[in-house]
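A.B. asks: My questions will all concern the structure given below.
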Amino acid sequence: MAKKKRLRLIAEMARKIRAYRELKSRPRESQKYAMDYETMRRPHTGKMLPVLAWQDVRRESRLFSLLAGMRMFGVGRLFTRKSWLEDHTEPSYWQITKVKVDYTSENMDHGKAWGVLTYKGKQESEVKELDKVMYHDWRLVPKHMEQQFKDAQPLPEPPVRYVAYPPLLRAMLLAQHKKTSGSVMADEPAMPLQRDVLLNKDYFRRQEQETQRTEGTPV
């Protein structure tokens, strides 16, 4: 007969109490991402921000700094980032669908947000949580520009011009390169899908000479 397992109620209660205390002692986002704008350090961790980020930190805003002053915390509005505007010609933005504010923060400028991402003109189908909300480069898309952002079409994908070599042929190319040059090939070899031929006078002259050599000249 199997021995009945004893219930250790006190140990189980102690485990739950330890887990609850660890959960309560974790720093909130308002404490974790707090910023001392004079020293450019985070008081919680003591880490200093990179020097290249100081200009954006002083001039730009975090996402929840914008959401805290808006009606319904900006649900339904479009938000983009300075880095997206500078790096991409196609519009990239988030459309906010849900906001969970950390009411313990002083100005209610911390929390979590969810939305639909459109990156380089391609809209995703699933609602996801916004990342990097603590970055100081978020911008609100004005109302009169929202339709312009939504109507923008993504650029067509460039055609595939190169493919990877088959495993055996790739190994032969790497071995031949190492044998001739004595060093390992830095770039991965790729096979072109289209061969570019220069159709000049020399090309046609060589083709005619090759034909005469194989077939002979007419009598």
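The values are calculated or read from the model by the stated rules, or taken from the named source; none is laboratory data. Worth saying up front: this structure is predicted, and the values here are computed from it rather than measured. Every residue, glycine as well, gets a Cβ built from its backbone with ideal geometry; the counts of neighbours run over all protein chains shown. Please note that ligands, DNA and RNA were not included when accessible areas were found on the heavy atoms of the full protein model with its side chains. Shrake-Rupley method; radii C 1.70, N 1.55, O 1.52, S 1.80 Å.
A.B. asks: What do you reckon, is Val57 farther than 30 Å from Gly121 by Cα and either of a type outside the set (Lys, Arg) or modelled with pLDDT under 80 (or both)?
C.D. replies: For Val57, the condition - farther than 30 Å from Gly121 by Cα and either of a type outside the set (Lys, Arg) or modelled with pLDDT under 80 (or both) - is not met.
A.B. asks: A further question follows. If we keep just the residues of the stretch 71-113 that are hydrophobic (A, V, I, L, M, F, W, C) and touching a residue at least 60 places away in the same chain (Cβ under 8 Å), which is farthest from Met134 (Cα to Cα)?
C.D. replies: This residue is Leu78.
A.B. asks: Of the conditions (1) more than 26 Å from Lys32 (Cα to Cα); (2) at pLDDT 85 or above; (3) open to solvent by less than 50 Å² (accessible area, probe 1.4 Å), Pro189 fails just one. Which one is it?
C.D. replies: (2)
For (1) of a type outside the set (S, T, N, Q); (2) under 23 Å from the mean Cα position of the chain (by Cα); (3) more than 28 Å from Arg28 (Cβ to Cβ), each residue gets a yes or a no:
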site: Arg62; (1), (2), (3): yes, yes, no
site: Met72; (1), (2), (3): yes, no, no
site: Pro91; (1), (2), (3): yes, yes, yes
site: Lys98; (1), (2), (3): yes, yes, no
site: Ser105; (1), (2), (3): no, no, no
site: Lys122; (1), (2), (3): yes, yes, yes
site: Leu130; (1), (2), (3): yes, yes, no
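Yes/no matrix, rows are residues, columns are (1) open to solvent by 100 Å² or more (accessible area, probe 1.4 Å); (2) at pLDDT 90 or above; (3) not in a loop (DSSP other than H, G, I, E, B):
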| position | (1), (2), (3) |
| --- | --- |
| Met134 | no, no, no |
| His144 | yes, yes, yes |
| Gln153 | yes, no, no |
| Pro156 | yes, no, no |
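A.B. asks: Checking Arg42 against (1) surrounded by 17 or more Cβ atoms within 10 Å (Cβ to Cβ); (2) over 22 Å from the mean Cα position of the chain (by Cα); (3) within 27 Å of Glu126 (Cα to Cα), only one condition comes out false. Which one?
C.D. replies: Every condition holds for Arg42 apart from (3).
A.B. asks: Go through the stretch 92-106 and give me each residue that's open to solvent by less than 20 Å² (accessible area, probe 1.4 Å) and in a loop (DSSP other than H, G, I, E, B).
C.D. replies: Of everything in the stretch 92-106, those that are open to solvent by less than 20 Å² (accessible area, probe 1.4 Å) and in a loop (DSSP other than H, G, I, E, B) turn out to be Ser92, Ser105.
A.B. asks: What residue, of Lys32, Lys4, Lys16, is open to solvent by 40 Å² or more (accessible area, probe 1.4 Å), out of contact with any helix residue (DSSP H, G or I) (no Cβ under 7 Å at 6 or more places or on another chain), modelled with pLDDT of 85 or more and basic (Lys, Arg)?
C.D. replies: Lys16
A.B. asks: Restricting to the stretch 158-168, and then to whatever is outside any loop (DSSP other than H, G, I, E, B) and open to solvent by 70 Å² or more (accessible area, probe 1.4 Å), can you tell me which residue is farthest from Asp109 (Cα to Cα)?
C.D. replies: Here the answer is Leu168.
A.B. asks: Exactly one condition in (1) open to solvent by less than 50 Å² (accessible area, probe 1.4 Å); (2) under 30 Å from Gly121 (Cα atoms); (3) among the hydroxyl-bearing types (Ser, Thr, Tyr) is not met by Ser65; state its number.
C.D. replies: (1) is the only condition that Ser65 fails.
A.B. asks: Return the total of residues in the stretch 68-81 being at pLDDT 90 or above and buried (at least 18 other Cβ atoms within 10 Å of the Cβ).
C.D. replies: 5
A.B. asks: Counting just the residues of the stretch 107-123 that are part of a loop (DSSP other than H, G, I, E, B) and either open to solvent by less than 70 Å² (accessible area, probe 1.4 Å) or β-branched (Val, Ile, Thr) (or both), which one comes out nearest to Met191 (Cα to Cα)?
C.D. replies: Looking at the filtered set, the residue picked out is Gly121.
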